[in-house]
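Dropping the structure in here first, questions after.
The values are calculated or read from the model by the stated rules, or taken from the named source; none is laboratory data. Since we're looking at a predicted model, the values are computed, not measured. Methodologically, a virtual Cβ is constructed for each residue, glycine included, from the backbone with ideal geometry; neighbour enumeration extends over all protein chains shown.
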Amino acid sequence: MQDVIVIGGSYAGMAAALQLARARRKVVVIDAGQRRNRFASHSHGFLGQDGVDPAIIWAEARRQLLAYPAVRWIEGTASTITGRKDDFRVPTEAGDTFAGRRILLATGVSDQLPEIPGLAERWGGTVFHCPYCHGYELDQGRIGVIASSAMSLHQAQLLPEWGEVTFLTNSALSLDPEQRADLQARGVTIEETPISRLTGAADIELRDGRVLPFAGLFTATRTEPASALAEMAGCTLIETPMGRQIMTGDGKETSVPGIFACGDVARAPHSVSLAVGDGAWAGAQLHRSLVWPE
């Protein structure tokens with residue numbers, strides 16, 4: 001019987017597991033190996049690791065975590081969660097089953113990208129969602145914002161801090177006079193011709209044949225939990241401006257007693273720094289729930 005089964009071995013899951021390991025609690029981490037930022041070559045804005053390949057950050061964090069003898073690491077995919085608080089069972093697709101007193105869902109989210117030819121291939125390379133993570137490296141060059149939802153307006157309003165912005169509405173939303181005036185006051189160019197495809201490094205070909213060159217592109221993705229485990233276990237999900245996430249209380253416990261959640265799947269907005277902080281808090285709260293069970 002493990003004290004905690006952590007499902008998801010990226011930044012939030014490992015940060016939580018580290019707190020538990022340092023409290024000498026038995027932890028098993030089940031990781032399917034699908035980090036959300038696996039498409040990016042560099043991680044920015046994470047104190048002490050600015051500009052480092054996220055794969056290197058992850059590998060070093062895992063090495064440090066596994067130095068604690070109470071931690072086991074399982075490469076695999078959890079298939080379901082059964083049982084109740086103090087007596088959960090988590091089988092994996094490989095046929096193993098793990099028992100634990102608590103569950104922590106740190107499964108992350110998947111990004112639903114606009115269906116524009118050439119965009120998915122450039123995701124994480126020259127197409128981004130977070131200006132704090134990638135805006136500085138564009139060196140105040142031309143930035144294109146591809147509209148996908150109401151959140152895109154927020155991006156277009158914010159990104160002039162990092163360069164000259166063109167907001168491509170792409171028939172995804174209509175701007176009212178007040179919104180247009182606000183964007184124009186910020187120096188944003190509004191382009192309403194639909195997009196045909198992305199070409200080159202970060203160029204946009206419009207349906208009228210024009211090609212607009214950019215240093216980088218931003219779009220607001222819609223996020224969904226990367227795993228259906230939370231819904232299968234009966235956890236409540238909520239809708240946010242960025243997409244669906246698991247509902248948790250201040251102590252990171254979900255609507256199901258004994259099941260906790262942290263990281264991108266349980267908070268917004270998203271970044272590596274915020275995921276690590278959320279995971280560290282969840283690990284401490286999990287430990288407290290074992291010390292002072294209700």
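So, residue 104, is that one within 19 Å of residue 270 (Cα to Cα), touching a residue at least 60 places away in the same chain (Cβ under 8 Å) and buried (at least 21 other Cβ atoms within 10 Å of the Cβ) or not?
On the way: within 19 Å of residue 270 (Cα to Cα): yes; touching a residue at least 60 places away in the same chain (Cβ under 8 Å): yes; buried (at least 21 other Cβ atoms within 10 Å of the Cβ): yes.
So residue 104 fits the description; yes.
Quick one: is residue 81 under 30 Å from residue 122 (Cβ atoms) and in the same structural domain as residue 279 (by TED's automatic domain parsing)?
Numbers: under 30 Å from residue 122 (Cβ atoms): no; in the same structural domain as residue 279 (by TED's automatic domain parsing): yes.
Taking the combined requirement at face value, the residue does not satisfy it.
Taking the condition of being within 21 Å of the chain's Cα centre (by Cα), over 12 Å from residue 286 (Cα atoms) and in a strand (DSSP E or B), how many residues in region 1-35 meet it?
Number satisfying all stated conditions: 4.
Residues of region 175-192 being surrounded by 10 or more Cβ atoms within 10 Å (Cβ to Cβ) and outside any helix (DSSP H, G or I), which ones?
Listed by number, the residues that qualify are 175, 186, 188, 189, 190, 191, 192.
Any residue at all in region 120-138 that is assigned by TED's automatic domain parsing to the domain that holds residue 39 and either modelled with pLDDT under 95 or in contact with an Asp or Glu (Cβ under 8 Å, 6 or more places away or on another chain) (or both)?
Of all residues in region 120-138, those assigned by TED's automatic domain parsing to the domain that holds residue 39 come to none.
No.
Moving on. Could you grab me the full set of residues in region 33-88 that are among the hydroxyl-bearing types (Ser, Thr, Tyr) and either exposed (fewer than 15 other Cβ atoms within 10 Å of the Cβ) or free of Cβ contacts under 8 Å to residues at least 40 places away in the same chain (or both)? Talk me through it step by step, then tell me what you get.
Start the filter on region 33-88 by keeping residues that are among the hydroxyl-bearing types (Ser, Thr, Tyr), which leaves 41, 43, 68, 77, 79-80, 82.
Those that are among the hydroxyl-bearing types (Ser, Thr, Tyr) and either exposed (fewer than 15 other Cβ atoms within 10 Å of the Cβ) or free of Cβ contacts under 8 Å to residues at least 40 places away in the same chain (or both): 41, 79, 80, 82.
Taking residue 219, is it crowded, with 22+ Cβ neighbours inside 10 Å, within 20 Å of residue 123 (Cβ to Cβ) and in contact (Cβ under 8 Å) with a residue 24 or more places away in the chain?
On the way: crowded, with 22+ Cβ neighbours inside 10 Å: yes; within 20 Å of residue 123 (Cβ to Cβ): yes; in contact (Cβ under 8 Å) with a residue 24 or more places away in the chain: yes.
The answer is yes for residue 219.
Still on this structure, I have one more. Taking residue 237, is it in the same structural domain as residue 85 (by TED's automatic domain parsing), surrounded by 21 or more Cβ atoms within 10 Å (Cβ to Cβ) and under 21 Å from residue 8 (Cα atoms)? Give the derivation first.
Details: in the same structural domain as residue 85 (by TED's automatic domain parsing): yes; surrounded by 21 or more Cβ atoms within 10 Å (Cβ to Cβ): no; under 21 Å from residue 8 (Cα atoms): yes.
So residue 237 does not fit the description; no.
Given 191, 205, which one is over 30 Å from residue 287 (Cα atoms), in contact (Cβ under 8 Å) with a residue 24 or more places away in the chain and among the acidic types (Asp, Glu)? Let's see the steps before the verdict.
Values: 205 fails: in contact (Cβ under 8 Å) with a residue 24 or more places away in the chain.
Only one candidate qualifies: 191.
Here's something else I'd like to know. Exactly one of these conditions fails for residue 91: (1) under 15 Å from residue 32 (Cα atoms); (2) touching a residue at least 24 places away in the same chain (Cβ under 8 Å); (3) touching a Ser or Thr at 6+ places or on another chain (Cβ under 6 Å). Give me its number.
With (1) under 15 Å from residue 32 (Cα atoms); (2) touching a residue at least 24 places away in the same chain (Cβ under 8 Å); (3) touching a Ser or Thr at 6+ places or on another chain (Cβ under 6 Å) applied to residue 91, the lone miss is (2).
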